[in-house]
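Heads up: the structure comes next, in structure tokens.
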Amino acid sequence: RRLSAPGYESHLAVNTLAPYVLITGLRPLLSREPGTMPSMIVNITSGVVNREKALDVDALVDPPQIGGLTGAYATSKVALDSMTRGLADGLRADGILIRSVDPGGTKTPMIGDGVPLPFRILGPLVFKTPDKSAADVVASASPEALEGRTGVFVAKQRVKNGSKAAQDPATQTRVL
């Protein structure tokens, strides 16, 4: 458990709040005129969000569980997906598309002590190399890809449902 300087749990600070601050700050620079190629914002998410049926927005700052598959990491990614969906319509009005993209299991140093044992053992064997994961993200980030859709969860270059919690408009409003 680590807290950021303002007192937010670190998963929330890095995975949800930082993207929000960047989006808000860069929005004027990303805005495009109607009829031109839209800008694209890609939030990197995780397939772990599919395990989350609900999101306790009040517990984001100080989650009851940090580790495991449904701990602070997962809830911060659900909050990110919820934020992505909640911002989509307003951003579209400014000529900006936004998507949550799951690069899939990737062989990175993140597969370490904080990851459950089965993933530490199997991850290096079945996860993609970083360059393959990056190629999926780049392909999904093209404004022309996925029929120009915005506010969607993308995995394997296809629009997926993602977390049920993130699809809820009330949750999106509370996260924002």
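Evaluate the following for A72: is it touching a strand residue (DSSP E or B) at 6+ places or on another chain (Cβ under 6 Å), open to solvent by less than 60 Å² (accessible area, probe 1.4 Å) and at pLDDT below 85? Walk me through how you get there before you give the answer.
Values: touching a strand residue (DSSP E or B) at 6+ places or on another chain (Cβ under 6 Å): yes; open to solvent by less than 60 Å² (accessible area, probe 1.4 Å): yes; at pLDDT below 85: yes.
When the stated conditions are applied, A72 passes them.
If I ask for residues that are among the basic types (K, R) and either part of a loop (DSSP other than H, G, I, E, B) or modelled with pLDDT of 85 or more (or both), which ones from the range 36-69 would you list?
To start, the set of residues in the range 36-69 that are among the basic types (K, R) comprises 51, 53.
Within the range 36-69, K53 is the sole residue that qualifies.
Within the group L87, L91, L97, L30, which residue is of a type in the set (A, V, I, L, M, F, W, C) and either touching a Pro at 6+ places or on another chain (Cβ under 7 Å) or open to solvent by 60 Å² or more (accessible area, probe 1.4 Å) (or both)?
Values: L87 fails: either touching a Pro at 6+ places or on another chain (Cβ under 7 Å) or open to solvent by 60 Å² or more (accessible area, probe 1.4 Å) (or both); L91 fails: either touching a Pro at 6+ places or on another chain (Cβ under 7 Å) or open to solvent by 60 Å² or more (accessible area, probe 1.4 Å) (or both); L30 fails: either touching a Pro at 6+ places or on another chain (Cβ under 7 Å) or open to solvent by 60 Å² or more (accessible area, probe 1.4 Å) (or both).
Going through L87, L91, L97, L30 in turn, just one is of a type in the set (A, V, I, L, M, F, W, C) and either touching a Pro at 6+ places or on another chain (Cβ under 7 Å) or open to solvent by 60 Å² or more (accessible area, probe 1.4 Å) (or both): L97.
Got a sec? Which helices (runs of 4 or more DSSP H) wholly within the range 130-176 have at least 3 residues that are out of contact with any Cys (no Cβ under 8 Å at 6 or more places or on another chain), open to solvent by 40 Å² or more (accessible area, probe 1.4 Å) and at negative phi?
Numbers: elements: 130-141, 164-167, 169-175.
So the answer is 130-141, 169-175.
With respect to D56, is the statement that it is open to solvent by 90 Å² or more (accessible area, probe 1.4 Å) and in contact with a helix residue (DSSP H, G or I) (Cβ under 8 Å, 6 or more places away or on another chain) true?
On the way: open to solvent by 90 Å² or more (accessible area, probe 1.4 Å): yes; in contact with a helix residue (DSSP H, G or I) (Cβ under 8 Å, 6 or more places away or on another chain): yes.
So D56 fits the description; yes.
Consider V152 against the criteria (1) farther than 22 Å from A79 by Cβ; (2) touching a residue at least 12 places away in the same chain (Cβ under 8 Å): it satisfies all of them except one. Which criterion is unmet?
(1)
Determine whether L17 is loosely packed, with under 13 Cβ neighbours inside 10 Å and not in a loop (DSSP other than H, G, I, E, B).
Working: loosely packed, with under 13 Cβ neighbours inside 10 Å: no; not in a loop (DSSP other than H, G, I, E, B): yes.
No, not satisfied.
The values are calculated or read from the model by the stated rules, or taken from the named source; none is laboratory data. The shown structure was predicted, so the numbers you read here are calculated from the model rather than taken from an experiment. Positions of Cβ are generated from backbone atoms using ideal geometry, with glycine treated the same way; all protein chains shown enter the neighbour counts. The area values use the complete protein model at the heavy-atom level, side chains included, leaving out ligands, DNA and RNA. Shrake-Rupley method; radii C 1.70, N 1.55, O 1.52, S 1.80 Å.
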